[in-house]
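To keep things clear, I will list the structure first and then write my remarks on it.
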Amino acid sequence: MSRYLLRRLSHTVLVIIGISVISFFFLHLSGDPVGLILPQDATREQIAALRQQMRLDDPIVLQYWHFATSALQGDLGRSIYTREPVLWLILERMPATLELAIAALLLSLVIAIPIGVLAAVKRGSWLDTISMSVALFGLSMPHFWLGIMFIMLFSVQLGWLPTSGRGTWAQLVMPSMALGISLIALFARLTRSAMLDVLGQDYVRTARAKGLGEGLVVGKHALRNALIPLVTVIGMEFGFLLGGAVIIETVFAWPGVGRLIVQSILDRDYPVVQAAVMLLAIVFVVVNLLVDLLYAWLDPNISYDRSGA
């Protein structure tokens with residue numbers, strides 16, 4: 001296990017470095033922020049002084065080197081507009097993004113897993129047909145469209161829920177639903193497929209032959225093994241939730257990192273965007289590492305040391 005952890009950690013470092021390089025260079029190709037910061041009547045001397053202060057006159061490779069060495073020391077720079085430390089701006093909004101992503105993930109799992117299990121156990125029945133048809137419909141709905149529809153229905157027409165903001169459970173309902181509905185469809189279909197594979201295995205037939213109840217066979221013997229492929233997708237989708245929350249946070253004025261990134265991109269606030277992308281990437285790779293380690297708990301037969309990983 002120790003060799004596996006060292007290898008994964010080295011891969012994680014390479015991924016983060018690659019993401020920082022790509023995002024840094026692409027952001028700097030998007031335009032010059034000096035024209036947005038200074039007024040239109042700024043003199044050439046003012047423009048030159050600001051460019052020198054921001055080190056924009058340095059070669060782009062040298063600019064990246066300054067950024068990377070500062071980041072290793074915990075300094076991700078300051079916002080071009082507010083002059084606040086970038087790290088504090090992001091950490092201040094990270095709890096809101098994590099709250100939305102976790103709520104959407106839990107909501108989707110609580111609904112999707114029972115639907116997938118029932119559809120597999122009742123394969124070919126009307127319940128199977130209806131649940132998978134609804135799942136396919138939910139999988140095809142864009143997040144932003146669902147968010148707008150929810151606002152029109154539950155806020156404008158019915159007046160049940162607030163349209164935006166954060167602070168109460170009512171303000172969390174619509175964003176988490178809009179973000180999680182497509183995951184419900186994905187997880188339900190995946191759970192059904194995995195359960196169908198497991199229910200045909202010899203150990204499941206043996207458990208039934210011993211006279212164990214159907215609930216015990218499905219819940220203890222089949223579901224635990226069926227969760228292994230689902231756990232892989234959950235880890236990946238959690239990272240995508242952090243990225244997908246950018247749109248939902250904008251639709252619902254949710255004060256998270258995604259909304260901060262959108263505003264910073266419009267303002268060409270390079271330090272904020274660069275640091276936010278890096279921190280979200282770190283969360284993504286850490287979650288996927290934890291998912292890999294969870295395999296050993298779900299299936300004791302998995303051994304990273306014996307496999308040579």
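The values are calculated or read from the model by the stated rules, or taken from the named source; none is laboratory data. Just so it is clear, the model here is predicted, and its values are computed rather than measured. Because the Cβ atoms are built from the backbone with ideal geometry, glycine has one as well, and the counts that use them run over all protein chains shown.
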Unmet criterion (only one of (1) acidic (Asp, Glu); (2) surrounded by 12 or more Cβ atoms within 10 Å (Cβ to Cβ); (3) at pLDDT 75 or above) for GLU45:
(2)
Of the residues LEU279, LEU266, LEU241, which single one is buried (at least 23 other Cβ atoms within 10 Å of the Cβ) and among the aliphatic types (A, V, I, L, M)?
LEU241
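Answer with yes or no whether ASN288 is surrounded by fewer than 14 Cβ atoms within 10 Å (Cβ to Cβ), closer than 26 Å to PHE187 by Cβ and at pLDDT below 80.
Considered against the rule, which asks whether it is surrounded by fewer than 14 Cβ atoms within 10 Å (Cβ to Cβ), closer than 26 Å to PHE187 by Cβ and at pLDDT below 80, ASN288 comes out as no.
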So in segment 91-123, with the set limited to residues that are in contact (Cβ under 8 Å) with a residue 24 or more places away in the chain and of a type in the set (D, E, K, R), which one is surrounded by the fewest Cβ atoms within 10 Å (Cβ to Cβ)?
ARG123
Looking at segment 16-40 only, could you name the residues that are modelled with pLDDT of 80 or more and surrounded by fewer than 15 Cβ atoms within 10 Å (Cβ to Cβ)?
ILE17, GLY18, VAL21, ILE22, PHE25
What helices (runs of 4 or more DSSP H) lie completely within segment 86-160 and have 1 or more residues being over 23 Å from PHE240 (Cβ atoms) and modelled with pLDDT under 80?
86-121, 126-139
What are the residue pairs meeting all of these: first residue in segment 249-277, first residue assigned by TED's automatic domain parsing to the domain that holds ILE148 and more than 12 Å from LEU100 (Cβ to Cβ), second residue among the basic types (Lys, Arg) and in a loop (DSSP other than H, G, I, E, B), Cβ atoms under 8 Å, and 6 or more apart or on different chains?
none
Residue under evaluation GLN52, criteria (1) surrounded by 12 or more Cβ atoms within 10 Å (Cβ to Cβ); (2) out of contact with any Lys or Arg (no Cβ under 9 Å at 6 or more places or on another chain); (3) at negative phi, criterion not met
(1)
Are any of the residues in segment 55-78 among the polar types (S, T, N, Q), part of a loop (DSSP other than H, G, I, E, B), surrounded by 13 or more Cβ atoms within 10 Å (Cβ to Cβ) and not assigned by TED's automatic domain parsing to the domain that holds ALA178?
no
